[in-house]
Amino acid sequence: MRAADERLLETEKFKALGQLTGGLAHDFNNLLTVISLNLEIATDMIGDDHPVLDLIEPAMKAASSGAQLTSSLLSFARRQPLVARTSDINALLGEMASLAARTLGGRHPIRLALRPDLPPCAIDRVQFESAVLNLLINSRDAMPSGGEITLGSDLVTVPAGGTAALPDLSPGRYVSVAVTDTGMGIPAELREKVFEPFFTTKPVGQGTGLGLSMATGFARQSGGQITLDSVAGGGTTVRLLLPAAATPPAAP
Ligand SMILES: Nc1ncnc2c1ncn2[C@@H]1O[C@H](COP(=O)(O)OP(=O)(O)OP(=O)(O)O)[C@@H](O)[C@H]1O
Ligand SMILES: [Mg+2]
């Protein structure tokens, strides 16, 4: 098959998968809301020391994990409503680095490599942070015996006519957020597959295979793209490219 045909097929496949999972996630989310609400009401009705609370608590936790899962699916299907706010990406990454340090543990320090004077981006901060956190966790998991993770930012300009390396992007300026590790890398034959929802190489219970799907959906829905550079055995860089917000005109 020609590369262009293959790309088209891939896009169609993702579209169909997106519609399916998006529709399912949406209905599923409504069901979970009913479950959570009723559990909350039941909790209020029985008082603090009722033995049935021991049964209700894990049920509530499961419903909330289910809600997190459907949220990732909705992101993948680009049906997560985004609340875009003009944001200073470097500031967000700085905050995230210190917050994530705790989640990742001491064996995976985060090094910041921020480009100064970045233009702002109009993004949904919650979704952005969730996408970056997913990438950081992937990097941690790729270095089981520890290692440094670099969280970087940069400015990328797509020239008029586009660029082959970033085929989804229209001309303009983009802020790139890169998560780089020196971990196990991704073998060439899996580099497309890892973006599919539910594709995971992690043991049951440790990965759902939704991190990269979620991040991809978020990037596309924000008008950007996600890219992957990886060398088997030599580390991985995943980049989120997000459109730079128009800089406000200089004061007269
Ligand atoms: N930085 C990385 N280095 C090596 N392999 C990676 C990296 N990031 C992702 N992968 C591979 O891609 C697969 C899919 O990643 P993805 O984040 O979508 O799901 P997951 O991490 O397996 O599960 P989840 O994110 O839902 O907990 C991973 O199982 C892993 O094989
Ligand atoms: Mg992941």
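The values are calculated or read from the model by the stated rules, or taken from the named source; none is laboratory data. Bear in mind the structure is a predicted one, so any value in this text is a computation, not a measurement. Cβ atoms come from the backbone with ideal geometry, glycine included; neighbour counts cover every protein chain shown. Protein only, heavy atoms only, side chains kept; ligands, DNA and RNA dropped before computing areas. Shrake-Rupley method; radii C 1.70, N 1.55, O 1.52, S 1.80 Å.
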Inset, instruction - Calculate what fraction, in whole %, of the accessible area of region 76-166 sits on carbon and sulfur atoms when a 1.4 Å probe is rolled over the protein chains. - result: 52 percent
Legend entry - Part-to-part distance (alpha-carbon centres) for region 2-58 and region 102-144, which is given in Å: 25 Å
Inset, instruction - Could you grab the Rg to Rh ratio for region 52-110? Cα atoms only, Kirkwood for Rh. - result: 1.13
Inset, instruction - Could you tell me which helices of the chain pass both thresholds, a Cα extent of 27 Å or more along their own axis and a mean Kyte-Doolittle hydropathy of at least 0.5, with helices taken as whole DSSP H runs? - result: 53-76
Legend entry - Set of lysines with alpha-carbon distance to K13 below 22 Å, sequence-local pairs under 8 removed: K193
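Using only alpha carbon pairs under 8 Å that are at least six residues apart, calculate the relative contact order of region 3-76 and give it in whole percent.
Normalised by residue count, the contact order of region 3-76 is 51 percent.
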Legend entry - With at most 16 other Cβ atoms within 10 Å, longest stretch of the chain clear of loop chymotrypsin sites (Phe, Trp or Tyr not before Pro) (DSSP): 1-197
Legend entry - Value in Å of the Kirkwood radius, where the chain supplies the Cα pairs that are averaged: 19.9 Å
Legend entry - Protein-only accessible surface order, largest first, of V34, V158 at 1.4 Å: V34, V158
Inset, instruction - Output the Kirkwood hydrodynamic radius of region 3-76, Cα pairs only, in Å rounded to one decimal. - result: 14.5 Å
Inset, instruction - Find the relative contact order for region 159-225 and round it to a whole percent, using C-alpha pairs within less than 8 Å whose residues are 6+ positions apart. - result: 27 percent
